[in-house]
Amino acid sequence: EAGVAQSPRYKIIEKRQSVAFWCNPISGHATLYWYQQILGQGPKLLIQFQNNGVVDDSQLPKDRFSAERLKGVDSTLKIQPAKLEDSAVYLCASSSWTGTYNEQFFGPGTRLTVL
Amino acid sequence: QQQVKQSPQSLIVQKGGISIINCAYENTAFDYFPWYQQFPGKGPALLIAIRPDVSEKKEGRFTISFNKSAKQFSLHIMDSQPGDSATYFCAAVKAAGNKLTFGGGTRVLVKP
C-alpha cells in the first residue's frame with residue numbers, strides 16, 4: 001500500500017512570496033490533515049478535512065494560509081504572503097475515518113525555508 | 001496552551017540501556033495516548049498506543065506505562081539499539097474527530 005505522498009520535499013522562498021504544497025493521501029482515506037512542525041517542536045494541526053469538507057481549521061492563520069481538498073482526494077496548502085516564522089516542515093496525514101480513534105499516517109513532509 | 005508536556009527534550013543512552021520518556025497531560029477528555037517515532041527527513045510513524053483504562057502495554061522492546069490519576073504516561077525502550085536513535089513524540093487523542101495533540105518531542109541518541 002502506497003503511503004502519503006507530498007511534494008515538493010523542499011522549498012526556499014523570500015518573505016512575502018507565495019508557496020503551495022501538495023498532498024496525496026492513502027487511497028480510500030476519507031480524512032486528511034495538515035500539520036505545521038516547527039524545528040524542535042511537535043506537529044501542530046492546521047486543518048482537518050473529512051472528504052472535501054473542513055472539519056477543523058481553528059488553528060489555521062486564515063489571513064495568509066488557505067487549503068482545499070478538491071474531489072475529496074488530493075489537497076493543497078497555500079501560504080500567501082509568507083513570513084519568516086512560517087519556516088517549518090509541513091506534514092500531511094490521512095486516516096480512514098473519524099468515528100473513533102484511527103491511526104494517522106504521515107507523509108515525509110515539505111521543509112519550507114523563508115528568507 | 002500546551003496540553004501535553006514531554007520530558008526530557010533530549011536523551012543519550014548506551015546501547016543495551018533503557019530509554020525513559022515522560023509525558024503529562026491536562027485534559028481528561030483524551031481517549032487514547034499514542035507514541036510516535038520520527039527519523040530525520042521522515043514523517044512521524046505510530047509506535048505504540050494505549051487506552052486510559054490500561055496501566056501498561058508492551059510491544060517488543062517498547063512499553064507504555066499509564067497513570068490515570070496522575071495524568072502521566074511514559075515510554076520505556078528496553079535494550080536500546082543505535083537504530084532507535086530518533087525523535088519520539090507522545091500524543092493524546094480525542095476520539096471524537098480523531099484529533100491529535102503532540103508533546104514537544106524527545107531526541108534520543110543511542111551510542112554504540
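The values are calculated or read from the model by the stated rules, or taken from the named source; none is laboratory data. These figures come from a predicted structure and were not determined experimentally. Cβ atoms come from the backbone with ideal geometry, glycine included; neighbour counts cover every protein chain shown. Side chains are part of the model used for accessible areas, which takes the heavy atoms of the whole protein and leaves out ligands, DNA and RNA. Shrake-Rupley method; radii C 1.70, N 1.55, O 1.52, S 1.80 Å.
Take the residues in the range B:51-62 that are more than 11 Å from chain A (Cβ to nearest Cβ) and in a loop (DSSP other than H, G, I, E, B), then tell me which one is least open to solvent (accessible area, probe 1.4 Å).
Filtering the range B:51-62 for residues that are more than 11 Å from chain A (Cβ to nearest Cβ) and in a loop (DSSP other than H, G, I, E, B), the one least open to solvent (accessible area, probe 1.4 Å) comes out as B:52.
Scanning for something touching an Asp or Glu at 6+ places or on another chain (Cβ under 7 Å) and either under 22 Å from residue B:89 (Cβ atoms) or away from chain B (no Cβ under 14 Å) (or both), does the range A:12-19 turn up at least one residue?
no
Could you please find all residues in the range A:27-45 being among the aliphatic types (A, V, I, L, M) and open to solvent by less than 10 Å² (accessible area, probe 1.4 Å)?
Within the range A:27-45, the first condition is being among the aliphatic types (A, V, I, L, M), and the residues that meet it are A:30, A:32, A:38-39, A:45.
Scanning the range A:27-45 gives a single hit, A:32.
Within the range B:1-50, work out how many residues are away from every other protein chain (no Cβ under 14 Å) and either in contact with a Pro (Cβ under 6 Å, 6 or more places away or on another chain) or closer than 27 Å to residue A:110 by Cα (or both).
Adding up the residues that qualify gives 2.
Of these, A:28, A:72, which one is farther than 26 Å from residue B:90 by Cβ, of a type outside the set (Asp, Glu), without any contact (Cβ under 8 Å) to a residue 60 or more places away in the chain and away from every other protein chain (no Cβ under 14 Å)?
Exactly one of A:28, A:72 is farther than 26 Å from residue B:90 by Cβ, of a type outside the set (Asp, Glu), without any contact (Cβ under 8 Å) to a residue 60 or more places away in the chain and away from every other protein chain (no Cβ under 14 Å), namely A:72.
Given the criterion of a type in the set (A, V, I, L, M) and touching a residue at least 60 places away in the same chain (Cβ under 8 Å), identify the matching residue among B:86, B:92, B:45, B:49.
Going through B:86, B:92, B:45, B:49 in turn, the sole match is B:92.
If residue B:54 satisfies all but one of (1) at pLDDT 95 or above; (2) under 20 Å from residue A:101 (Cα atoms); (3) not acidic (Asp, Glu), what's the number of the condition it fails?
(1)
Would you check if there is a residue in the range B:37-44 being more than 21 Å from residue A:88 (Cα to Cα) and in contact with a strand residue (DSSP E or B) (Cβ under 9 Å, 6 or more places away or on another chain)?
No, that holds for no residue.
If I filter the range B:64-87 down to residues being under 14 Å from residue B:37 (Cβ atoms) and in contact with a Gly (Cβ under 7 Å, 6 or more places away or on another chain), which single residue comes out as most open to solvent (accessible area, probe 1.4 Å)?
Out of the qualifying residues, it is B:87.
Find all pairs meeting these conditions: Cβ atoms under 7 angstrom apart; at least six residues apart or on different chains; first residue within the range B:6-32 and of a type in the set (Phe, Trp, Tyr); second residue open to solvent by less than 30 Å² (accessible area, probe 1.4 Å).
Listed by first residue and then by second, the contacts come to B:25/B:4; B:25/B:92; B:30/B:92; B:30/B:93; B:32/B:49; B:32/B:93; B:32/B:95.
Can you tell me how many residues in the range B:88-112 are of a type in the set (S, T, N, Q) and crowded, with 21+ Cβ neighbours inside 10 Å?
Residues that pass the stated criteria total 2.
Have a look at B:65, B:69, B:74 and point out the one that is assigned to a loop (DSSP other than H, G, I, E, B), away from every other protein chain (no Cβ under 14 Å) and either in contact (Cβ under 8 Å) with a residue 24 or more places away in the chain or more than 9 Å from the chain's Cα centre (by Cα) (or both).
B:69
Which of the residues belonging to the range A:70-111 are among the aliphatic types (A, V, I, L, M), assigned to a strand (DSSP E or B) and over 21 Å from residue B:97 (Cα atoms)?
If we filter the range A:70-111 for residues that are among the aliphatic types (A, V, I, L, M), which is where we start, we get A:70, A:73, A:77, A:79, A:82, A:84, A:88-89, A:91, A:93.
When the remaining residues are screened for being assigned to a strand (DSSP E or B), the result is A:77, A:79, A:88-89, A:91, A:93.
Within the range A:70-111, A:79, A:88, A:89 qualify.
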